[in-house]
Amino acid sequence: DCLALYAKKQLVRGKLRVLPQKAGKAFVTSDRGEFVKDILIETTLQQNRALDGDAVFVELLPQEEEEEGIVEVTQVLLNTSISTNDEEKAPVPPTTTWQEDSLQRRLWDPQVAISKLPDGPRQGTLETTIQRKGQVVHVVVPKQLPSELQPADQGFLQRAPHRTIVGRLNRMKRKNGDFFFLQPNNKSLPQFVCPPNVTATKQEEQECLYKAEYVHGSWKEADAKPPCINVQKMGMSCNVEDETQALLVEFDVDHGDFLAPVLKNVDEAVQSGMEMQPNQEFGWRPTPEMYKGRRDFRQERIFTIDPTTAKDLDDALHVKALPDGRVEIGVHIADVSHFVKPGTAVDEEAMRRATTVYLVDRTVPMLPRPLCEIACSLNENVERLAFSCVWRMNMDGSVESPSGKKQDDDVWYGKSVIKSCARLDYATAQNIIDGQVATGEQAHEMDDSSWPTSRRPSGKHTVDEVAADVRLMHKVAQARRRLRFQNGALALNGIKLAFQLEEDGETPMLCAPYPIRDSNRLVEEYMLLANYFVAQRLITHAGGFALLRHHPPPLMDGIEQVVSVAKEGIGFDIDPTSSRSLQASLSRLGRECDDELVMQCVTEMLMTPMKPAEYMAAGSMEPELWRHFALNIPFYTHFTSPIRRYPDVIVHRLLQATLDDDVHTFSMDQAAVQSVSDHCNEKKMASKKAQDRSDRVFLALYLRRKPMKGQLGVVLSVGEKTFSVFVPALGCSVKLFLDEHKDMLTFESYSAKNGERRIRLQRKSSGGWSSIDIKVFTKLSVTCLCKEKPPIDVRLKLEGPWTE
């Protein structure tokens, strides 16, 4: 029934997002993008027992009933149609094509005629657009995939779909005996009622982590809270191993070890090329049979640039200056699809995992080690199978042919064999760019700290040649990056923390922001372009089967709040009409504002309403919606990381099918491509949350050993008893709870004349500061600590106003 009404556009489908507060409002973004503003689900009654993160069907409330407030929620779908007046939808302005934009042609040379919605109400101010309200009428039961922990032959599919919840126990006293709630770590979830047989000591309540299962559909209409089953103690809060196991379970990335069928499948795939190396470790090289039909790049000067500790090297580069003044760029990607065949055990497991999960102290790989670190990894001085994308471009970073006509050999795609001559890391590449090494000195005279001997080329290629290649690629990449931002690309770069651990591999010894260098940006420019070229090939030759990655515009309500705050707080006008105007505003702010911290704060606030990019089958969405908002291009995909991303594996297979002119027999239809895309979107988000939680756990543990006093914090948002503070030294925002400061101050929340919420703090003791008005951009002095009660997290203690 829901699908039928959805097809008639009488229901809206999307993911439920619940605000992390008591009886929090919820929002649903339509997966068809027909509404500019998200649909508001005002009450828990209208959420109809759906939980944060659930896929739901939503019925729009008639506008007269929206004004009245509460509408009775029923489980039976109404037979009446939902009003879809023109005023409820985003106005659709006149269109042009991406090809008609001269800068787009220079930068990307799009070959597909796709209409481009010009800047207007869809991306701009929304005064004429109504935010609709709705109520959930159905929760979509999630699909279950076989896994290492629950293989299909164990009958797990006969179990009702369930969701694992991680949190701590709260005791509730009553006359006929105590009972417990499970309080989830995820503040957007409600408390869950534990079975009567659950018991715990007071110490376990305060210090232990628990997990439980929520069975979809078990929350009955008459129950105020959802039930949970199989409540189990996981371990102690503030213990690295227990906290890590908890986050793996909470975000459903606890994949476990690869089982025998998968490992056997991998052994069979790599066996013919396995060989024993002089160091008595196993290596791998292609057999002569594998060379057939591949382009030979083994004589090219190819090298990799990756993080220092990287083991799974899935991309390599080459550059050549051409006689006509242009350059040839080669992006060579590990040919994972050669080893991972459709329908095999390793393919099914890789699809289920969907992505490699990178935590502070460990990695949960998508593929077994014999593939990701040996046979597929593009290690130096060994032959490897690759899938290459090679193109010609101009020194100014543009790709448009000087003649204005597309040449057949301007872009080449195909299977190849390569031999990387050097394994550079970002630090070494940066030293080369900065001229700190390889400036004419002999190799034996080079500083090993600037270019370690182990990372220098061997064989016929010299350090001077590789250094010249790096500098040439950097020059072209810099020019292209400037053009991209002129074209409207948007960069919101938050601070990413890097940790150095003690020898035990658990205790954080150092914590500092991870540097983003020009060497990082060099690699990024060419990966972006390779991904774009592959997306274009898939669209023109695979049609609706093409697996793309689109990035929708941000949540405009949230963007407008930032615009308002910036105007009121610092008197700065931000134009949110498009990615181009948004980036131009940020660039202007960087030039005009002397306080770099303000720039950081505005960037941090703008990241909140940004929607995540998502995978999709091209045929499931109108071409105008394929666009990537942040990159400001008409289409995009992921081709460059098949060792750690399953969508890239599908893209490799599809690309080869287009080269073989064999798309009509491809192993997946459009619906299957979309289904895999949906699954990968979920796992990508889960992986990000797990990574962010791991960072937060280790940061809290670091602060437990080394509290940071007298740190600058800037207020980003204000509630009634709390406010969010951005701490540049931590690179993150932390909520400060005033109830934890009652011993030192009193507080009162109020609204300013412009409606902005503020809090007035009054200090109880004399001496020092006496009062502070808390509003957005207020600077404070804070102490950064580790939260004392589970779940482990960062805690802030207010010291007073910030003094320069």
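The values are calculated or read from the model by the stated rules, or taken from the named source; none is laboratory data. Keep in mind the model is a prediction, meaning the values are calculated, not measured. No Cβ is skipped: glycine too gets one built from the backbone with ideal geometry, and neighbour counts run over all protein chains shown. Note: accessible area is taken over every heavy atom of the protein model, side chains too, but ligands, DNA and RNA are not part of it. Shrake-Rupley method; radii C 1.70, N 1.55, O 1.52, S 1.80 Å.
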*Starting from the amide H of Leu11, placed 1.01 Å from N in the peptide plane, find each other amide H under 5 Å away whose residue is 5 or more places distant or on another chain.*
Tyr6
*Counted charge near Pro288, where neighbours are those whose Cβ lies closer than 12 Å (Asp, Glu -1; Lys, Arg +1)*: +1
*Taking the chain as the reference, fit the longest principal axis to its C-alpha atoms, fit the long axis of helix 556-570 to the helix C-alpha atoms, and give the angle between the two in degrees, 0 to 90, nearest 10.*
80
_List the lysines whose Cα sits under 20 Å from the Cα of Lys173, skipping any in the same chain fewer than 8 residues away._
Lys202, Lys225
*Provide the gained length on full extension for the span Ala498 to Asp257, in nm with one decimal, where the gain is 0.36 nm per separating residue minus the Cα-Cα distance.*
84.1 nm
*Using θ = phi - 60° and the Karplus form 6.51 cos²θ - 1.76 cosθ + 1.60, what ³J(HN,Hα) does each residue of the stretch 621-626 get, whole Hz, x for Gly and Pro?*
8, 4, x, 4, 8, 6
*How many nm is it between the label spots at His216 and Tyr291, if each spot is 7 Å from the Cα in line with the beta carbon?*
5.2
*Consider the candidate values [x] 1.04; [y] 0.96; [z] 1.25; state which one is Rg/Rh (Cα atoms, Kirkwood Rh) computed from the structure displayed.*
[y]
*Which value in nm describes the separation of the simple spin-label points at Gln232 and Glu275, placed 7 Å from the Cα toward the beta carbon?*
4.6
*Can you tell me the 0 to 90 degree angle between the C-alpha axis of helix 596-607 and the longest principal axis of the chain, rounded to 10?*
80
*Highest to lowest packing among 625-632, 452-459, scored as the average C-beta count within 10 Å*: 625-632, 452-459
*Any idea what angle helix 240-250 forms with the longest principal axis of the chain, computed on alpha-carbon atoms, 0 to 90 degrees, nearest 10?*
80
_Rolling a 1.4 angstrom probe over the protein chains, ignoring ligands and nucleic acids, what is the accessible area of His216 in square angstrom, nearest 10?_
30
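Sort 235-245, 769-779, 196-206 for me by packing, meaning the mean count of neighbouring Cβ atoms within 10 Å per residue, highest on top. Walk me through the numbers on the way to the answer.
On the way: 235-245: 18.5, 769-779: 16.5, 196-206: 12.7.
Highest mean packing first, the order is 235-245, 769-779, 196-206.
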*Rounded if a/c is under 1.5, else prolate if a/b beats b/c, else oblate: with a ≥ b ≥ c from the C-alpha gyration tensor eigenvalues square-rooted, which is the stretch 418-553?*
oblate
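Sorting check: for 48-55, 647-654, which peptide has the highest mean count of neighbouring beta carbons within 10 Å, and how do the rest follow?
Details: 48-55: 20.9, 647-654: 25.2.
Descending packing order for the listed peptides: 647-654, 48-55.
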